[in-house]
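The values are calculated or read from the model by the stated rules, or taken from the named source; none is laboratory data. Computed from a prediction, not measured in an experiment: that's the story for all the values here. Because the Cβ atoms are built from the backbone with ideal geometry, glycine has one as well, and the counts that use them run over all protein chains shown. To get the accessible areas, we keep the full protein, side chains included, count just its heavy atoms, and leave off ligands, DNA and RNA. Shrake-Rupley method; radii C 1.70, N 1.55, O 1.52, S 1.80 Å.
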Amino acid sequence: MKTVTALVISLSVLPAAAGALEMPTTRKGVVRVLVLGKGGLGSGTGFVINDSGHVVTNQHVIANGQEADGVIKILTNDLAEKLKPEVEEKFGRSVPAGQLVSDDLQIEIIRFLLPKLPQATVQWSDEKRDLALLRTQGLTGIAPLPLGRANLVEESQRVFALGYPGVGDRAGVASFLALKVNDGVITSKEFANAMGEPIYQISAQINHGNSGGPLVTDCGEVVGINSFGTAKMEARYAIQIDNILPELDRMSVSYAKAPAACRVGAVSTRDPVVLAGIAGALILGAAALLLVSTQRGRAAVRDISTRSRGARRADVAPRVRTRVVLRGISGPYAGKDLELDERPVAIGRDPSVSHVVFPRTADGVSKRHCILRIDRATGGVVIEDCGSVNGTYLESGVQLQPRQEHRLRSGDRFYVGERQYLFELRVEES
């Protein structure tokens, strides 16, 4: 580890939920943490873990507010929407078109908001582990986020970093109230903080102000706490959620536990559309049962059954799901699978522009070496070298022409820069 039937028919009307991140619900669990103390004004992110108003964040976010006369306030997504007209009315004319919000104006906005926000108290904090638990009364419109486990997370798994980065506040006065979302992948689980506790390296963009915010899966489960990066943010890290769970248990603080590993494609019962589909399914099922319970209904069913037997039955092929998988054969991703979707996947050394990220010591790999994507028109997979220094090659040794697409078939292998960094494309049916 490196340191740093009637029922069946009715159910078929259910919507084909993707099981992806339910952003409106997830947003309600993320809060902005505003701090006023002797060190001045500060801002970070946190997330709600129960209906009692407990909020998890980084200790360095609230450190200034822990001093004498310090104040910590919480801005929820629900409250931000209500305050947005006031903020735009008061400060909207202060920023000429095409210009960014200044630091001074951001401070003015924070001072304007502070009296209108509920106050938080620090229930527990640990400076060395950079973790803190806040308690806030009177939070409304919240949706606590379930907490996952690191052992249910895989490297190269897609994740989302939610928060309030300071650079995002400059786009306009209303942007200060807007939650920002950046996606990426778990680059590595093989890192640890100064305490020797595990952390993730992530490719999702985070910046100052994201600290304390949740790192969530496609299913909306928190698996990490976005915390820090290198000086120029070339590499970014999140504390694994497991690091705070023993403290929550010790303090008897309730929280929702993720039941299993996140699997994209599962139907979520939190989605109101899915709930409506389930309700419709039950109604149709009940109607079908009522139909067969009456004499006229049974006769109608027999008539339909007789006509159906006389009709030609079409052969119905079972539904086949195709998975496109990038499998590491050798190098740091050996034995690991990354399932591709409709979005391009970049391979390289720079986590700010790549999704499959190689260590900085992999000199043969460029910062953004090559890109793979699924061709929507044909369903095939293409690879394109991004003008890398050392080239992208098929296993046979044929070098791909830079900036030109090359079609890959299932079983094809390629390597980036050096043969030791070999991948294989697999198209699997299930």
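Within the stretch 357-383, the set of residues being under 18 Å from residue 400 (Cβ atoms), of a type in the set (Gly, Ala, Ser) and either open to solvent by less than 10 Å² (accessible area, probe 1.4 Å) or not in a loop (DSSP other than H, G, I, E, B) (or both) comprises 364 only.
Condition test on residue 151, is it closer than 30 Å to residue 188 by Cα and either among the polar types (S, T, N, Q) or open to solvent by 30 Å² or more (accessible area, probe 1.4 Å) (or both)? When the stated conditions are applied, residue 151 passes them. Note on the stretch 177-229: enclosed strands (runs of 3 or more DSSP E) holding 3 or more residues that are out of contact with any His (no Cβ under 8 Å at 6 or more places or on another chain) and buried (at least 24 other Cβ atoms within 10 Å of the Cβ) are 198-202, 214-216, 222-229.
Residues in the stretch 114-166 that are over 29 Å from residue 183 (Cα atoms) and in contact with an Asp or Glu (Cβ under 7 Å, 6 or more places away or on another chain): 124 alone. Quick check: is even one residue across the stretch 207-223 modelled with pLDDT under 90, over 14 Å from the mean Cα position of the chain (by Cα), on the phi < 0 side of the Ramachandran plot and not charged (D, E, K, R)? Yes, because at least one residue in the stretch 207-223 is modelled with pLDDT under 90, over 14 Å from the mean Cα position of the chain (by Cα), on the phi < 0 side of the Ramachandran plot and not charged (D, E, K, R).
Within the stretch 363-413, the set of residues being modelled with pLDDT under 90, of a type in the set (Gly, Ala, Ser) and in contact with a Gly (Cβ under 7 Å, 6 or more places away or on another chain) is empty.
Candidates 396, 354: the one that is of a type in the set (Ser, Thr, Tyr), in a loop (DSSP other than H, G, I, E, B) and open to solvent by less than 70 Å² (accessible area, probe 1.4 Å) is 354. Inspection of the stretch 231-246 finds a residue satisfying the criterion of being modelled with pLDDT of 85 or more, more than 21 Å from residue 343 (Cβ to Cβ) and open to solvent by 60 Å² or more (accessible area, probe 1.4 Å). How many residues are over 11 Å from residue 414 (Cα atoms) and within 22 Å of the chain's Cα centre (by Cα) when one looks only at the stretch 321-336? Qualifying residue count, the stretch 321-336: 5.
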